[in-house]
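Right, one structure below, let's go through it.
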Amino acid sequence: MVLKLYGNAVSPCTHRVALVLNEKEVPFEFHSIEFAKIEHKSPSYLEKQPFGQVPYIEDDDGFILYESRAIALYIATKYPDQGTKGLVPTDPKANALFHQAVYVEVTHFDDPAAKVTFEKNVKPKYFKGPVDEAYIEKLSNTLDAKLSVYDKILEKQKYLAGEELTLADLYHLPYGVQLAPIGIKNLVEKPNVSRWFKELEERKSWLDVKKTFNIQ
Amino acid sequence: MVLKLYTYYNSINGKRVAITLHEKNVPFELHNVDVFTGEHKVSTFLEKQPFGQVPYLDDDGFILYESRAISLYIATKYADQGNQGLIPTEPKANALFHQAVYSEVTNIEDPAYKAVVEKLFKKPVPGLVPDEEFFKKLITGLDGKLDVYEKILSKQKYLIGNEVTLADLYHIPYLSLLPAAGCHSVDSRPNVARWFKDITSRKSWQAVKDGIKSTSTY
């Protein structure tokens, strides 16, 4: 039985899981959850993902898991010897720095990036709500400040957790690629950040995600 | 060399690490960082924690920040001492642990922490007035998520099963401040209240709730 990924083609969290499945060369079947039909809030969906969020996976033995980073960690740990290696370091200190980098991504990058892309792209398109420009500016300023710190970190080392690529770097792609198109240019303008992000964007695993989900 | 925890002694995130240190019986020195005078923004601090936040850990020269990364490091390094099973090692149980922690950060901490900051940390600062509308919006969001916790905790004792893990304990430092902020979302849900009473009665929280203290002299 092949791994099943339940998510949505427009969901960056779904892209995050697909990206790691590609990196680890783990085949999967994508099952689309229809947001328009509010399928993610149906009783049968909530049995699998009680917060009504996408994505979740059903592993080849029926194991259900949600939270894209928990799924990614599980996959990378389950298949250490195939696909890209070293995405989760095993040396205790390197592993700690990996988790440090992931929590940095979640709280300093993902939080403002997800909120600003929602406000700018999702809210007007799907919820017909008024766009709060002051909020967008506040979030843009936050991202600018955070990515300035990233630039200092990436001046001294190649990737966020050290000299090797880890999942922590890859996690930035799904929301990261949405920022420049809405005028938030830090990822392409700050010298070390842009060097780092450009390399991530060119990875085959990400190009395949773009193809699979028709991301522009 | 004894672990050094650099944090404001009453910091929410510092207490998260201190809970773990107590659970694992790991002695540590508290090095107080005076956030009210901006000690966390000076260049010597930023060299260690470039985002200018507390806490960070100095383990014999190894510097680590992000309270959940520090807690994970401590619980793993000192696996054989103190309370056991705080991070399950079996692959699926470990995956469910990380599922619960990432869910906590985005679903619970995000609204609850911001609500507490809005209501409690702005009040004493001249010129800063708590935004009641924003606070109410955050609590509405939090309530929806705690309804899910209520369901989960009606079937099992703790968030990932019937054994306590760090995924449960991580909630304590900020959820414990909700009543003072005028929010009873935890107490008003029977299973959530039961769970929260259980985890806050542990020695580790009792040791740090009124402020983190060194457990080793220097």
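Quick notes on this structure:
- One residue stands out among those in the stretch B:41-52 that are facing chain A (nearest Cβ under 9 Å) and under 20 Å from the mean Cα position of the chain (by Cα): the one that is least open to solvent (accessible area, probe 1.4 Å), which is B:G52.
- Within the stretch B:136-165, being more than 19 Å from B:P88 (Cα to Cα), of a type outside the set (D, E, K, R) and touching a Lys or Arg at 6+ places or on another chain (Cβ under 9 Å) holds for B:L138, B:L146, B:Y149.
- The stretch B:2-28, residues that are touching a strand residue (DSSP E or B) at 6+ places or on another chain (Cβ under 8 Å) and open to solvent by 20 Å² or more (accessible area, probe 1.4 Å): B:V2, B:K4, B:Y6, B:Y8, B:Y9, B:N13, B:P27
- Taken together, the residues in the stretch B:66-95 that are away from every other protein chain (no Cβ under 11 Å) and among the charged types (D, E, K, R) amount to 2.
- Selection over the stretch B:58-70 of residues that are over 20 Å from B:M1 (Cβ atoms) and in contact (Cβ under 8 Å) with a residue 12 or more places away in the chain gives a count of 2.
- For the stretch A:18-33, filtered to residues that are among the acidic types (D, E) and open to solvent by 50 Å² or more (accessible area, probe 1.4 Å), the residue that is farthest from A:Y45 (Cα to Cα) is A:E25.
- Search result, residues across the stretch A:155-168 that are part of a helix (DSSP H, G or I) and farther than 18 Å from B:E66 by Cα: A:E155, A:K156
- In the set (1) buried (at least 17 other Cβ atoms within 10 Å of the Cβ); (2) without any contact (Cβ under 8 Å) to a residue 40 or more places away in the chain; (3) within 25 Å of B:K77 (Cα to Cα), B:H31 fails one condition alone, (1).
- Among the residues of the stretch B:20-71, those identified as within 21 Å of B:A207 (Cβ to Cβ) and aliphatic (A, V, I, L, M) are B:L21, B:V26, B:L30, B:V33, B:V54, B:L57, B:I70.
- Filtered by the rule that a residue be part of a loop (DSSP other than H, G, I, E, B) and not polar (S, T, N, Q), the stretch B:1-44 gives B:M1, B:V2, B:Y8, B:Y9, B:K24, B:V26, B:P27, B:V33, B:D34, B:G38, B:V42.
- Qualifying residue in the stretch A:115-127 (condition: modelled with pLDDT under 90, charged (D, E, K, R), open to solvent by 60 Å² or more (accessible area, probe 1.4 Å) and outside any helix (DSSP H, G or I)): no
- Matching helices (runs of 4 or more DSSP H) fully within the stretch A:1-110 where at least 2 residues are more than 14 Å from chain B (Cβ to nearest Cβ): A:12-23
- Single condition A:E163 does not satisfy, out of (1) in contact with a helix residue (DSSP H, G or I) (Cβ under 7 Å, 6 or more places away or on another chain); (2) loosely packed, with under 15 Cβ neighbours inside 10 Å: (1)
The values are calculated or read from the model by the stated rules, or taken from the named source; none is laboratory data. Here the structure is a predicted model, which means the values were calculated and not measured. FYI the Cβ positions are ideal-geometry reconstructions off the backbone, even for glycines, and counts take in every protein chain you see. The accessibility values were calculated without ligands, DNA or RNA, using every heavy atom of the protein model including side chains. Shrake-Rupley method; radii C 1.70, N 1.55, O 1.52, S 1.80 Å.
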